[in-house]
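**Q** Sharing a structure with you now.
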Amino acid sequence: MSASATPEAPPAIAPPATAPAAPEPESAIETRGLEPVPDAERTGKVRELFPTWVAANISVLLLTMGAGLVVFNGLNIWQVLLVAAVAPVVSYGIVGLISIAGKRGGSPGMALSRAVFGQRGNLFPGALIWVARWGWETINAVTGAYAILTVLDLLFGVESNTLLIVVTLLVFVALTFLVSGLGINAVRVCSKWSTYLFGAFTVLVLCYLVANTDWSAVFGKPAGSAAMVVAGIGMIGAGGISWVPSAPDFTRYLPRTASAPKMVGASIGGAGIVVLPMVLMGAVMAVSTPDLANAQDPVSFIGALLPTWIAVPYLLIALIGMLLINSMSMYSAGFTAQTLGIRVPRHWAVSVNAVISLVFGFLLMVVATSFIGSFISFLTLLAVAFSAWIGVFGIDMLTRKTYDAKALLDTTRTSAYWYKGGFAWQAMTAWGVALLTGLAFTKVDWFAGPLSDTWIGQNGLGWAVTIVVAAALYAVLPRTKPDAVQATPAADTAVEEERVPALSI
């Protein structure tokens with residue numbers, strides 16, 4: 001995809017020109033911020049979304065989560081197969097649907113969100129999503145650091161210590177900052193090649209497991225309850241839900257004529273092709289190594305279960321995958337920081353999250369007593385926090401055909417998206433009520449909502465309730481139209497009135 005060399009105008013100032021910008025020369029470093037991408041630079045291809053969402057799921061944590069389905073949920077291999085197939089269809093189906101807003105408005109998701117919540121109102125979900133990104137980036141940084149430590153142990157017998165933990169975290173975060181700071185072109189290139197390499201070595205690991213697994217024990221495991229299957233879908237699907245607010249960030253370079261059904265299909269396919277085998281592999285591994293689901297270190301088990309000649313290259317490729325996941329997350333977090341009023345270029349906004357993930361990563365590796373417990377708790381709360389935004393934004397997107405480019409960047413009272421005092425009260429009400437409702441059904445290690453013991457709460461569906469409540473409430477509330485929206489050629493002309501594909505959940 002092409003990247004503009006035009007820096008973002010300060011949020012409080014409307015863009016000085018409304019004529020379509022001439023295409024800029026291709027640059028390794030993307031300097032475009034929140035401003036909509038001109039039509040002349042929308043040279044992306046829908047097929048590029050496939051490796052993007054492959055890369056977003058290359059994480060050995062999926063092995064641990066697959067093991068958890070067997071150990072904690074008590075599922076058999078056929079039930080795990082069902083969970084691993086349904087979860088990415090549901091979660092990344094929503095990712096694909098929300099990504100349609102990116103090609104419509106040409107801006108990152110949290111910038112387009114200003115049109116829904118108002119210039120001031122958007123600060124509330126934006127701040128929550130930005131903080132949630134800290135946790136996601138911390139989890140990935142820690143997992144990447146553990147992968148480096150495991151490789152050092154396998155190859156050189158180097159044992160982990162506090163100094164080495166700090167060094168590995170620094171290396172991982174620095175590499176993440178490099179890729180995400182370069183921008184969309186670097187992310188796309190890395191995603192493409194990591195997809196090829198990870199796919200090849202995953203097939204190799206699968207072949208090894210087929211030849212060395214006690215399949216009678218795998219197929220002889222009794223089935224778990226239907227409720228635990230539902231809970232498993234919620235747990236695996238929560239990872240995909242966390243990407244929904246970022247989905248438009250990766251489609252804003254697509255032309256307006258890009259096929260919406262193909263965008264949804266590429267999102268589901270890219271995620272599913274990784275999630276399905278990885279979760280199944282984790283479940284198979286857990287039959288012979290039940291402690292896998294309880295491991296404090298979510299990576300070192302690979303060295304114990306696989307021969308070194310497979311484990312080391314597989315871990316290195318997985319390390320690249322986790323680096324890409326964090327790079328994609330920080331790439332989007334940079335935009336979110338800009339929507340909060342941090343007036344620095346996107347690649348410098350990324351550095352804020354890099355420092356935060358470094359500090360929190362150190363605390364998680366050195367101070368915390370349970371990595372897996374912390375991860376599941378975080379993932380559960382993350383899904384609820386993002387789902388309130390998803391429900392409101394999704395309903396707005398279904399009825400909206402244009403975004404005012406000038407109003408998106410104008411954070412003053414003159415903005416068409418100022419509404420009443422900078423707030424769209426309908427969106428804020430639906431978002432707040434849904435968020436509180438979802439938390440009421442949620443239970444994690446250190447927090448339990450008053451309704452967490454109900455069937456919905458016990459099955460980890462607080463995030464699903466949050467989406468439904470937010471969408472339903474926003475749909476019925478009387479909405480105020482923006483004041484004197486003026487469509488601009490940079491973002492609003494020739495908008496394709498495509499039909500949004502339906503997704504059965």
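The values are calculated or read from the model by the stated rules, or taken from the named source; none is laboratory data. This one's a predicted model, so the numbers in the text were calculated from it and none came from an experiment. Please note: Cβ atoms are built from the backbone with ideal geometry, for glycine as well, and neighbour counts cover all protein chains shown. Side chains included, ligands, DNA and RNA excluded: accessible areas come from the protein's heavy atoms. Shrake-Rupley method; radii C 1.70, N 1.55, O 1.52, S 1.80 Å.
**Q** In nanometres, what is the gap between the two model label sites at Gln458 and Val131, each 7 Å from Cα along Cα-to-Cβ?
**A** The modelled label-to-label distance comes out at 3.1 nm.
**Q** What's the FRET efficiency of Ala211 with Arg400 using the Cβ-Cβ distance as r and R₀ = 60 Å, to the nearest 0.05?
**A** On the way: r = 54 Å, r/R0 = 0.89.
In this case the efficiency is close to 0.65.
**Q** Take Thr429 and Leu82, extend 7 Å from each Cα along the Cα→Cβ direction, and tell me the distance between the two endpoints in nm.
**A** 4.0 nm
**Q** Sequence gap at least 6, Cα distance under 8 Å: using those rules, report the relative contact order of the stretch 40-476 to the nearest whole percent. Each step should come with its number before you reach the end.
**A** Details: 749 pairs, mean separation 144.7, N = 437.
About 33 percent, as a whole number.
**Q** Would you compute, for the Cα atoms of the stretch 227-324, the largest minus smallest coordinate along each principal axis and list the three values in descending order, in whole Å?
**A** So the extents along the principal axes, rounded to whole Å, are 50, 37, 20.
**Q** Computing the accessible area with a 1.4 Å probe over protein heavy atoms, can you report the carbon and sulfur percentage for the stretch 319-475? Before the final figure, lay out the partial values.
**A** Working: 4100 of 5770 Å².
C and S fraction of accessible area: 71 percent.
**Q** Only residues of the stretch 61-104 count here: report those whose backbone N is under 17 Å from the spot 7 Å along Cα→Cβ of Phe219, or say none.
**A** Within reach of a label on Phe219, which here means backbone N under 17 Å from a point 7 Å along Cα→Cβ, the stretch 61-104 contributes 76-82.
**Q** Still on this model: Listed here are the pairs Lys262/Lys481; Lys103/Lys420; Lys103/Lys401; Lys103/Lys406; which of them are more than 21 Å apart at the Cα? Can you show the working numbers first?
**A** On the way: Lys262/Lys481 31 Å; Lys103/Lys420 28 Å; Lys103/Lys401 11 Å; Lys103/Lys406 17 Å.
The pairs that break the limit, which is 21 Å between Cα atoms, are Lys262/Lys481; Lys103/Lys420.
**Q** Take the alpha carbon atoms of the stretch 40-476, find their radius of gyration, then divide it by 2.2 N^0.38 Å using N residues; give the quotient. Write out the running numbers ahead of the final one.
**A** Values: Rg = 21.0 Å, N = 437, 2.2 N^0.38 = 22.2 Å.
Dividing the Cα Rg of the stretch 40-476 by 2.2 N^0.38 Å gives 0.95.
**Q** State in Å² the accessible area per residue of the stretch 40-476; use a 1.4 Å probe, count heavy atoms of protein chains only, and round to the nearest integer. Before the final figure, lay out each step's value.
**A** Values: 14740 Å² over 437 residues.
Here the residues of the stretch 40-476 average 34 Å² of exposed surface.
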